[in-house]
């Protein structure tokens, strides 16, 4: 929602968004900065992890789509992809419909590595969840579908803006 989309009387909605956004940012930061070392893997910059996660979720994607979806410059994506290819985490294949273009696919090492990273994230969160009250844990579990829907909606806004 932008100011132009705001409906008069949405002050409560804006207040809720202002309270939720920093909390989600903190969680996202933990995920960006932790997990790789805990999984015993070679450190990857957050942008590399973001590109790798996208390719794992959307095998066969092209670099242009990847740049657009992640909001990155094409040159940065190319550099990141080159590094991930050199590390054996992504492989390039010619696009069967356009030989000038390439499609990106995760390697088995990438799949196994991301599984280890996500397991490390789960352990980090489990430790933190254990310190919370049962009511907070229940509320967070109940919020999972809503958070997924929010993420989907936010991704949809990015697509509509491009």
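The values are calculated or read from the model by the stated rules, or taken from the named source; none is laboratory data. Everything numeric in this text was worked out from a predicted model, so none of it was measured. In this analysis, Cβ positions are derived from the backbone assuming ideal geometry, glycine residues included, and neighbour counts consider all displayed protein chains.
Just to check your reading of the model, which residue among 36, 30 is modelled with pLDDT under 85 and either surrounded by fewer than 13 Cβ atoms within 10 Å (Cβ to Cβ) or not in a helix (DSSP H, G or I) (or both)? Walk me through it before giving the result.
Values: 30 fails: either surrounded by fewer than 13 Cβ atoms within 10 Å (Cβ to Cβ) or not in a helix (DSSP H, G or I) (or both).
Result: 36 is the single residue among 36, 30 that is modelled with pLDDT under 85 and either surrounded by fewer than 13 Cβ atoms within 10 Å (Cβ to Cβ) or not in a helix (DSSP H, G or I) (or both).
Taking the options 126, 139, 131, 146, name whichever one is out of contact with any helix residue (DSSP H, G or I) (no Cβ under 7 Å at 6 or more places or on another chain), more than 23 Å from residue 62 (Cα to Cα) and surrounded by 11 or more Cβ atoms within 10 Å (Cβ to Cβ).
Working: 126 fails: surrounded by 11 or more Cβ atoms within 10 Å (Cβ to Cβ); 131 fails: surrounded by 11 or more Cβ atoms within 10 Å (Cβ to Cβ); 146 fails: surrounded by 11 or more Cβ atoms within 10 Å (Cβ to Cβ).
Of the residues listed, the single one that is out of contact with any helix residue (DSSP H, G or I) (no Cβ under 7 Å at 6 or more places or on another chain), more than 23 Å from residue 62 (Cα to Cα) and surrounded by 11 or more Cβ atoms within 10 Å (Cβ to Cβ) is 139.
When you check residue 80 against the structure, is it farther than 30 Å from residue 17 by Cβ, in a helix (DSSP H, G or I), in the same structural domain as residue 48 (by TED's automatic domain parsing) and touching a helix residue (DSSP H, G or I) at 6+ places or on another chain (Cβ under 9 Å), yes or no?
yes
Just to be sure before I move on: is residue 66 over 23 Å from residue 21 (Cβ atoms), modelled with pLDDT of 90 or more and touching a helix residue (DSSP H, G or I) at 6+ places or on another chain (Cβ under 8 Å) in the structure I sent?
For residue 66, the condition - over 23 Å from residue 21 (Cβ atoms), modelled with pLDDT of 90 or more and touching a helix residue (DSSP H, G or I) at 6+ places or on another chain (Cβ under 8 Å) - is met.
Just checking, which of 15, 53 is closer than 20 Å to residue 116 by Cβ, assigned to a helix (DSSP H, G or I), out of contact with any helix residue (DSSP H, G or I) (no Cβ under 6 Å at 6 or more places or on another chain) and not assigned by TED's automatic domain parsing to the domain that holds residue 147?
Details: 15 fails: closer than 20 Å to residue 116 by Cβ.
The match here is 53.
For the condition free of Cβ contacts under 8 Å to residues at least 60 places away in the same chain and on the phi > 0 side of the Ramachandran plot, what is the one hit in 60, 83, 35?
Sole residue among the options that is free of Cβ contacts under 8 Å to residues at least 60 places away in the same chain and on the phi > 0 side of the Ramachandran plot: 60.
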